[in-house]
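To start, the structure under review is shown below, and the notes come after it.
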Amino acid sequence: MIEIEEKLSDCTSCTTDQKSVARCSDCPQFLCPNCISPHQFMRCFDNHKCIHTREYIEERYIEELDFFIKKASKVLNEEAFKVYRQVLEKSKNELSKELEEKHANKHLALMEMNSSIDQSINKLLDVIKFSERVLKNGNTFKILLIK
């Protein structure tokens, strides 16, 4: 803000070395107290609006602050996005690993069940074969003795 005040210090409309107290918003002139009145009332400056230096400085300062705030916000948002992305990536990797472990455990359990079922089927087939042989080759007396 001090830099802006230093740039606005001299009147650019006349040859005196007076300090400017206003600025025209329509043309790039910094005006001393003597130049403000003619600038407002002469026909060649119709519809020109004079802004006091303090207001102009505040406007410029606010514009600069807005610019830096937007720039800082953008940088902060980008950094936050990177952090969120890293957190999500880490969570994704952890969940993928956990899912793979659970899948492997379920696969192992299914393999064990399959093996157990195969053994049960083989035992049942053996019983069926034995029963068929007994019925084919045996008589009532032999069948009763098996019990």
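Any read-out appearing in this document is the output of simple, stated calculations on the displayed coordinates, not a laboratory observation. Note that the coordinates shown come from a computational prediction; the quantities given were computed from them, not determined experimentally. As a convention, Cβ positions derive from the backbone with ideal geometry for all residues, glycine included, and neighbour counts pool all protein chains shown.
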What number comes out for the charge environment of LYS49, summing +1 per Lys or Arg and -1 per Asp or Glu over other residues with Cβ under 10 Å away?
0
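I want to verify the translational diffusion coefficient of the chain in µm²/s; compute it with Stokes-Einstein, Rh as the Kirkwood radius over Cα pairs, at 10 °C and 1.306 mPa s.
After rounding, the answer is 64 µm²/s.
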Using Cβ counts within 10 Å as a stand-in for footprinting exposure, how do ASP26, ASP126 rank, fewest first?
ASP126, ASP26
Tell me what the chain gives for mean residue ellipticity at 222 nm when only DSSP H runs of n ≥ 4 count, each as -39,500 (n - 2.57), the sum divided by the residue total, rounded to 500 deg cm²/dmol.
-26000 deg cm²/dmol
Helix 53-137 axis, angle to the chain major axis (alpha carbon atoms, nearest 10°):
0 degrees
Of ILE121, ASN139, LEU76, whose Cα points farthest to the positive end of the dipole of the chain (charges on the beta-carbon: +1 Lys, Arg; -1 Asp, Glu; origin at the Cα centre)?
ASN139
Quick calc, the chain, dipole around Cα centre from Cβ unit charges on Lys, Arg (+) and Asp, Glu (-), nearest 20 debye, gives 1800 debye
